[in-house]
Ligand code: EPZ
């Protein structure tokens, strides 16, 4: 076990590059199962969730190579359509393998992903869509036993009751080698979907995305391709929030500013100066941030739920009261209790958080409650007076590669120490 020790109050200055996006690379790794030959994915971040995906692919019988930020996957010879209970428990987002497993193997056996820190994470939209495409899925005793009686998915029109990112990805992965054409209505529009479609198209898939409608004409087989994982828009927002709370001046590079087009105005509203280039954003923070009158998270292109936690931390130090409404997940505020230990004044009621800004936070011993809540605690510690010790880093390591290295390079006093 290790902890992050952060001595707050140091202004962040300089330049930092974001890594490949966690929420893009997971479905991309699942997609490599569909392409004959060795696919190369570049800009793959060093994350525990990525390690989990690679372990799953190896359990299938895929051949995996990893050199720095490049991962090579060859599914030829893979013949075990099973994800172990342990791996499903470790990474509930493994459900994104379901469509690809069935398309590749004609069957899939995995345990129900269950909930997580953010609340129950139902998969009804995934299962209903795949069943409409010809899957037979038995849910019993916490296990999923999925088969394709005809050996292939059948293209059809599927409409999602909610633009679920994961369900959109599963339908896409099922449709690319299905028999006939699939039209997906009310699909998620997150940039990670377009990144997945770009790789699949490079493998020979026939995909057309028109806003929330995705049309896929099934092809008999896909051939391995190379792809560079898109930049992580949530990591970018986290670094910008760190600059904002430390009166810093930071340039975040290697990102696509368009992906954070609904996040940047919030920083402006808080009094930050922003300068944007084709692949970077520079944020210069004011001596004291202004409040965020009202922020509601929405599916893309709305404000992303994953970026709300770091911004809520910034609001705890702003002048005035801010209101946050979480529209996507049921329990997105578990980390707030840890912020209160640091002196934040936040009241939460269901999906609403009312944040009364204070002049300063104080360092304390806190624990990560989930991935983005952990990021919120790091942002708070960078601004707090005194030392903060952050535990349960396993949550943070799922989605932030070498966070302490990047922040140290910007002038933060941060280091990782082992518990012993
Ligand atoms: C993806 O989760 C991301 N994870 C999440 O990022 C992100 O917050 C979320 O999309 C929303 O943008 C990955 O990509 C690995 P959803 P996903 O299906 O696909 C309900 C992070 O911190 N729903 O769009 O699970 C669900 O309960 C993580 O990086 C159903 O009701 O999100 C939720 O309320 C957290 N039935 C809403 O839809 C279903 O079958 C959004 O879920 C599926 C989802």
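The values are calculated or read from the model by the stated rules, or taken from the named source; none is laboratory data. Quick caveat: nothing in here was measured; it's all calculated off a predicted structure. Cβ: placed from backbone, ideal geometry, glycine included. Neighbour counts: every protein chain shown.
Some notes on this structure:
- Count of residues meeting criterion [over 17 Å from residue 333 (Cα atoms) and surrounded by fewer than 24 Cβ atoms within 10 Å (Cβ to Cβ)] in the range 370-402: 11
- Residues located in the range 147-169, provided they are more than 16 Å from the ligand (Cβ to nearest atom) and either in contact with a helix residue (DSSP H, G or I) (Cβ under 6 Å, 6 or more places away or on another chain) or under 15 Å from residue 213 (Cβ atoms) (or both): 148, 153, 155, 156, 157
- Residues (without any contact (Cβ under 8 Å) to a residue 24 or more places away in the chain, within 16 Å of the ligand (Cβ to nearest atom) and either within 18 Å of residue 94 (Cβ to Cβ) or part of a strand (DSSP E or B) (or both)) located in the range 131-146: 137
- Per the conditions (1) in a helix (DSSP H, G or I); (2) under 26 Å from residue 11 (Cα atoms); (3) within 16 Å of the ligand (Cβ to nearest atom), the sole criterion not satisfied by residue 243 is (3).
- In the range 172-187, the residue that is nearest to the ligand (Cβ to nearest atom) out of those that are more than 22 Å from residue 226 (Cα to Cα) and buried (at least 22 other Cβ atoms within 10 Å of the Cβ) is 187.
- Residue 337 meets the conditions (1) out of contact with any strand residue (DSSP E or B) (no Cβ under 7 Å at 6 or more places or on another chain); (2) more than 19 Å from residue 244 (Cβ to Cβ); (3) touching a residue at least 40 places away in the same chain (Cβ under 8 Å) in every case but one. The failed one is (3).
- Verdict on residue 119 being within 13 Å of the ligand (Cβ to nearest atom), surrounded by fewer than 17 Cβ atoms within 10 Å (Cβ to Cβ) and closer than 28 Å to residue 185 by Cβ: yes
- Hey, residue 314 within 14 Å of the ligand (Cβ to nearest atom) and either assigned by TED's automatic domain parsing to the domain that holds residue 245 or touching a residue at least 12 places away in the same chain (Cβ under 8 Å) (or both) or not: no
- Residue identified as within 27 Å of the chain's Cα centre (by Cα), surrounded by fewer than 24 Cβ atoms within 10 Å (Cβ to Cβ) and free of Cβ contacts under 8 Å to residues at least 12 places away in the same chain among 111, 159, 128: 128
Listed here are the residues, each with its yes/no results for (1) closer than 23 Å to residue 399 by Cβ; (2) assigned to a strand (DSSP E or B); (3) in contact (Cβ under 8 Å) with a residue 24 or more places away in the chain.
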residue	(1), (2), (3)
252	yes, yes, yes
262	yes, no, yes
271	no, no, no
283	yes, yes, yes
287	no, no, yes
293	no, no, yes
299	yes, no, yes
324	yes, yes, yes
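- Among the candidates 34, 54, 87, residue that is more than 13 Å from the ligand (Cβ to nearest atom) and modelled with pLDDT under 95: 87
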